[in-house]
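The values are calculated or read from the model by the stated rules, or taken from the named source; none is laboratory data. Values in this document were obtained by computation on a predicted structure and should not be read as measured data. In this analysis, Cβ positions are derived from the backbone assuming ideal geometry, glycine residues included, and neighbour counts consider all displayed protein chains. These accessible areas exclude ligands, DNA and RNA; they are computed on the full protein's heavy atoms, side chains included. Shrake-Rupley method; radii C 1.70, N 1.55, O 1.52, S 1.80 Å.
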Amino acid sequence: MEARAAAAARPLQVAAIGCCAETGFWDALRRLKLDVLGTDDSPIPITGYYTPRQYEKIASLFRICPESILPPSANSFGDRNNCPVPGTLVNTNNKRGFQNLDRALLLKAEAKKILHDITSGKVEQDPALLLRFLVISFADLKNWKVYYNVAFPSLTFDSKITLLSLKVASEVLSQDEAASLSKAFTEWRKSSETTVVPFFLVNIPPDSSATIRQLKDWKTCQGNGQKVCFVPCIFISYFCWMSSDKSFRRISLFTNYSSCISLIMCKYLDVLMQLLFGFYDHGNRGFPGWALRNYIAFVSLRWKIEKVQFFCYREKRGHPDVQQSLIGEASFPTPHGWDDPGYVPEAIGWEGETAGKESKEKKPKEIDLSSINPASQDEEKQ
Amino acid sequence: MQVKQKVYELYKGTVERVTGPRIVSAFLEKGVLSVPEFILAGDNLVSKCPTWSWEAGDPSKRKPFLPPDKQFLVTRNVPCLRRAISVEEEYDAAGAEVVLDDDEDGEGWLATHGVHASKTEEEEDIPSMDTLDIGKTEGIKSIPSYFSAGKKDGEEEDDIPDMDTYEDSGNDSATAQPSYFVAEEPEEDNILRTRTYDVSITYDKYYQTPRVWLTGYDESRMPLKPELVFEDISQDHARKTVTIEDHPHLLAGKHASVHPCKHAAVMKKIIDVLMSRGVEPEVDKYLFIFLKFMASVIPTIEYDYTVDFDLGSTSR
């Protein structure tokens, strides 16, 4: 009822991420288990690979592949189509062990890591930490089968994220802005240093030359980085812009004082819109991707910004796609209790789990590895 | 069959071991690629079509004649919305003919309907490569049901800017279920589930040409059985030129591959056609031409080989 009253405002809905676990990953796990792990079933750090949407028809997938068996710190693999993300693998020794895993608890433990990385500032140095994932599995090596589930932990708090607006980027941006933003993104994606960074700051100043900065540059973007300075900064940057000669002439045309004020107000809103929290969006169609939820939590908890303008970056065949990238605004009132050291956040994110259904008997995904069984390769069967 | 293939692989492997990789260019004369030319063409593909990237593959399978970080090219999660087999049936039903005028000796390798199919489907996806139309373009006929299928997808996509249409469902779910969660299917018709492919290109030292490999995934992102991959291969080629083998750079799984035995001959033919039109193709464009040619074998796998520039220098 309330949502209906507040015209466009509605609860934020995001599109879930799908995971593609390659046969090669399970083969690598099989080798690791036989050669190194044995019956040791303690969690091991692994790497997953994330990418913005590349084809307009389908969402991009989160990938785990042979290279994934190592943690990001020991793994040099990564490129524009494979942004490395840290994850945890819990591989059990038998089916019962797999079934008995406390999924909710495991998910919370990962969520706690994410919350810790947010509050400690680690996310600014390594934004991919917001995308942390969890894999649980039972590798039935005797029968060449693997049962597994994947989760993308997403923090939930006692306050909810409200979506205030959402539009495709090409509707919000002028042609010049869109062109300059595409240029900036092309450069960002070309550089091997930045292309693997899935979260960033998008700055579209009124002079239309857009820039993309790393999260760690937030403070330089915002003076001393305090919220109280945020608005004054905008005014200062606005007046700086106004005094640049080109615009000044335009302003001076206004003899009517009130229209000048309204122009200022209008431009003030523009300036407000100029800093966007951008991220690689895996999804297609009208919903922002899953990554946005943890991102908003980060911006709110770490930088105390309750109203977040965000940019969902998508590509078309590997090039920036302003036609389907989204620009939106969400509000997230600061939740309670999260800064208590003992606080364990709630989390959601098991792949394939539908909302509202508290089904603990989740069906595992099953993968048949018989194609890599040397014994079966000579037989012409199945 | 299996034994024959094994013996053949053994023979091929031995020949590959004792002969050095090609270094001298014979691109225009024979349609083959030298190793440096493969890297040059690969670099160009990656730079023009960034969905492709170079990869190292498994270290134990590294080919010493290629740079360690540029062993093969790959593009992943490529949509394959329709089965090639059904497209062909509809194409045949529509009475269209498979014409290839340039192919006078009846080799029949370049069935043009695959090229047609990709053209009719998504006009914006495939900018004109007019210089490369090997067959008679006049022969293209529309495939009615194909069009309508494409249109349906188009409509779904057109919904994107219109956020208001989602508003009601958002409100409903706010009460009915936790508001934060869009499960896989917020509305069933809103999510497109489709087969996808990882397409990779390796360098085949024996045939001195690139070679295409396919790894398929079904609608729920589970690996596709190689037999099912044949549904996405033009029926002129399925089970004849496409075989299921071990990938030269990956350890696990069986992968479908378009056998490269005729690649050089076909590439030579395409090059001759281009030359007869006064276009001398540059070797760094080899993979664009090659991928266009591959589209006749795997017509519905929508990998990117978009080019918006000339294929070569015009000599006339």
Q | Output for segment B:1-55, where each listed residue is open to solvent by less than 20 Å² (accessible area, probe 1.4 Å), small (Gly, Ala, Ser) and either within 14 Å of chain A (Cβ to nearest Cβ) or not in a helix (DSSP H, G or I) (or both) | A | B:Ala26, B:Gly31, B:Ser34, B:Gly42, B:Ser53
Q. Could you list, in sequence order, the residues of segment A:292-313 that are under 26 Å from A:Ser182 (Cα atoms) and not β-branched (Val, Ile, Thr)?
A. A:Leu292, A:Arg293, A:Asn294, A:Tyr295, A:Phe298, A:Lys307, A:Gln309, A:Phe310, A:Phe311, A:Cys312, A:Tyr313
Q: Would you check if there is a residue in segment A:319-334 being at pLDDT 90 or above, crowded, with 21+ Cβ neighbours inside 10 Å, of a type in the set (Ser, Thr, Tyr) and not in a strand (DSSP E or B)?
A: yes
(Q) Residues to consider are A:Arg302, A:Arg293; find the one that is more than 14 Å from chain B (Cβ to nearest Cβ) and at pLDDT 85 or above. (A) A:Arg302
Q.
Among the residues of segment A:24-44, are any of a type in the set (Gly, Ala, Ser), surrounded by fewer than 21 Cβ atoms within 10 Å (Cβ to Cβ) and either closer than 25 Å to A:Phe287 by Cα or within 12 Å of chain B (Cβ to nearest Cβ) (or both)?
A. no
Q. If you go through segment B:231-256, how many residues are in a helix (DSSP H, G or I) and open to solvent by 20 Å² or more (accessible area, probe 1.4 Å)?
A. 1
Q. How many residues, within segment B:197-215, are polar (S, T, N, Q) and open to solvent by 10 Å² or more (accessible area, probe 1.4 Å)?
A. 2
Q. Which of the residues that make up segment A:71-91 are at pLDDT below 90 and crowded, with 22+ Cβ neighbours inside 10 Å?
A. none
Q. Does A:Ile46 satisfy the condition of being under 21 Å from the mean Cα position of the chain (by Cα), under 27 Å from A:Leu105 (Cα atoms) and assigned to a loop (DSSP other than H, G, I, E, B)?
A. no
Q.
Here is a list: B:Asp272, B:Asp284. Which entry is acidic (Asp, Glu), out of contact with any Asp or Glu (no Cβ under 8 Å at 6 or more places or on another chain) and outside any strand (DSSP E or B)?
A. B:Asp272
Q: Please specify each residue of segment A:34-51 satisfying the condition of being over 14 Å from A:Glu67 (Cα atoms) and in contact with an Asp or Glu (Cβ under 9 Å, 6 or more places away or on another chain).
A: A:Thr51
Q.
Out of the residues in segment B:63-73 meeting the condition of being part of a loop (DSSP other than H, G, I, E, B) and touching a residue at least 60 places away in the same chain (Cβ under 8 Å), tell me which one is nearest to the other protein chains (Cβ to nearest Cβ).
A. B:Gln71
Q: Give the residue, chosen from A:Glu361, A:Glu366, A:Glu353, that is within 11 Å of chain B (Cβ to nearest Cβ), at pLDDT below 85 and open to solvent by 20 Å² or more (accessible area, probe 1.4 Å).
A: A:Glu353
